[in-house]
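A.B. asks: What follows is a single structure, and I will ask about it in a moment.
The values are calculated or read from the model by the stated rules, or taken from the named source; none is laboratory data. Predicted, not measured: the structure shown is a model, and the values here were computed from it. Quick reminder, even Gly has a Cβ in these numbers, built from the backbone with ideal geometry, and neighbours come from all protein chains shown. These area figures cover heavy atoms from the full protein model, side chains too; ligands, DNA and RNA do not enter into them. Shrake-Rupley method; radii C 1.70, N 1.55, O 1.52, S 1.80 Å.
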Amino acid sequence: MVGGGKGFGKTILFGEHFVVYGLEGIPCAFAQVTTAEVKKIPGEKGYDLVDNRPATPGYKEEKKGEYLALISRVLEYMQIPSRVQITLGGDLYAASGVGASASCAASIARAVNDEFKMGWDDEQINKAAFEGETAGSGTPSGIDNTAAVYGGFLLFKKNISGGANKIEIVKIKKPFEIVLGNSGKTALTKEVVGDVKKLKDAEPDRINAIFKEYEQVEEEAKLALKKYDLKKLGQLMDKNHKLLQGITVSCKELDELVAVTKAAGAYGAKLTGTGRGGMMIALTPGKELQDKVAKAIEAKGYAATKTTLG
Ligand code: MEV
């Protein structure tokens, strides 16, 4: 039997980069997924890959080395002794900023688990997916793979002393619409995370003040989300974007997308994920606003994806 696995795409509503340093973040999975089929085949230990995922032009080429390492790490972690054929697919558009690599790692781990009848639970699958993530991010916080494995809204906090991370499921009243705007640029997480570290070392006072401000924003965001106060949530997303600009992880295209979506009526907008390319997220409750904001993005020549969170 062919093993099948799924990993959710994710957006980070609050906390990219800050979570690397142990601050709490709020990721949410969305409906689009990466799927993996894994089949034992004759031959030496290793794998053959067929990658049928839809992707931003250039994404697969730029990320090739990272993906080869990601798959090897997942297979090694799961101690797979045989050769496997891996076929990737699904409706998650592979691009920077939607957790494409994490959803890929999670889907492969799940499919391997099925094919080799390993009986691993979500926690173990999450550890395998995290191992895959280290290929791209160097020192990943674990937020992407956790969102890809568990789905839904989460409060996530990396345990920087090495123990178990905080993973808390947040239930919201009802799902709401968002639009993702694609800058069309691919960013390398390891590089951008490394640059934030350099900046933090070079200008500790300024950067630590931004981190402090983020903590306040996230505290309020958590409450707004639980109360389903989407106007407030949007304002806090705007603030979070400014803080991300402060740590230099935005770029011209993402800032333009944020401005365009705000002008079209989005409640809030920010970059999501690594930054310096990849995606931004606009909060657009209701189909009408969602359509309007997506059209405004497209009118500027960028690709827009409409989806819901929750
Ligand atoms: C990438 O989606 C999120 C980052 O915070 C890296 C990480 O948490 O590992 C930039």
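A.B. asks: Mind counting the residues in segment 13-41 that are open to solvent by less than 20 Å² (accessible area, probe 1.4 Å), within 15 Å of the ligand (Cβ to nearest atom) and either more than 20 Å from Lys212 (Cβ to Cβ) or not acidic (Asp, Glu) (or both)?
C.D. replies: The number of residues fulfilling the criteria is 14.
A.B. asks: Could I ask something else about it? Within segment 238-252, identify whether any single residue is touching a residue at least 60 places away in the same chain (Cβ under 8 Å), over 22 Å from Tyr93 (Cα atoms), outside the structural domain of Thr146 (by TED's automatic domain parsing) and away from the ligand (no atom under 16 Å from the Cβ), and answer yes or no.
C.D. replies: No, the conditions are met nowhere in segment 238-252.
A.B. asks: Could you check segment 253-298 and list, in sequence order, the residues that are in contact with a His (Cβ under 7 Å, 6 or more places away or on another chain) and within 16 Å of the ligand (Cβ to nearest atom)?
C.D. replies: Within segment 253-298, Lys270, Leu271 qualify.
A.B. asks: May I ask you to say which residue of Ala129, Ala187, Ala147 is outside any loop (DSSP other than H, G, I, E, B), open to solvent by less than 10 Å² (accessible area, probe 1.4 Å) and within 10 Å of the ligand (Cβ to nearest atom)?
C.D. replies: Every option except Ala147 fails the conditions.
A.B. asks: To continue, here is another question. Taking the condition part of a helix (DSSP H, G or I), modelled with pLDDT of 95 or more and buried (at least 18 other Cβ atoms within 10 Å of the Cβ), does Ala221 pass?
C.D. replies: Taking the combined requirement at face value, the residue satisfies it.
A.B. asks: Tell me which residues, restricted to segment 190-218, are among the acidic types (Asp, Glu) and buried (at least 17 other Cβ atoms within 10 Å of the Cβ).
C.D. replies: Within segment 190-218, Glu218 is the sole residue that qualifies.
A.B. asks: What do you reckon, is Glu44 over 23 Å from Ile169 (Cα atoms), part of a loop (DSSP other than H, G, I, E, B) and open to solvent by 10 Å² or more (accessible area, probe 1.4 Å)?
C.D. replies: yes
A.B. asks: If we scan segment 74-89, do we find a residue that is assigned to a helix (DSSP H, G or I), open to solvent by less than 50 Å² (accessible area, probe 1.4 Å) and within 16 Å of the ligand (Cβ to nearest atom)?
C.D. replies: No, segment 74-89 contains no residue that is assigned to a helix (DSSP H, G or I), open to solvent by less than 50 Å² (accessible area, probe 1.4 Å) and within 16 Å of the ligand (Cβ to nearest atom).
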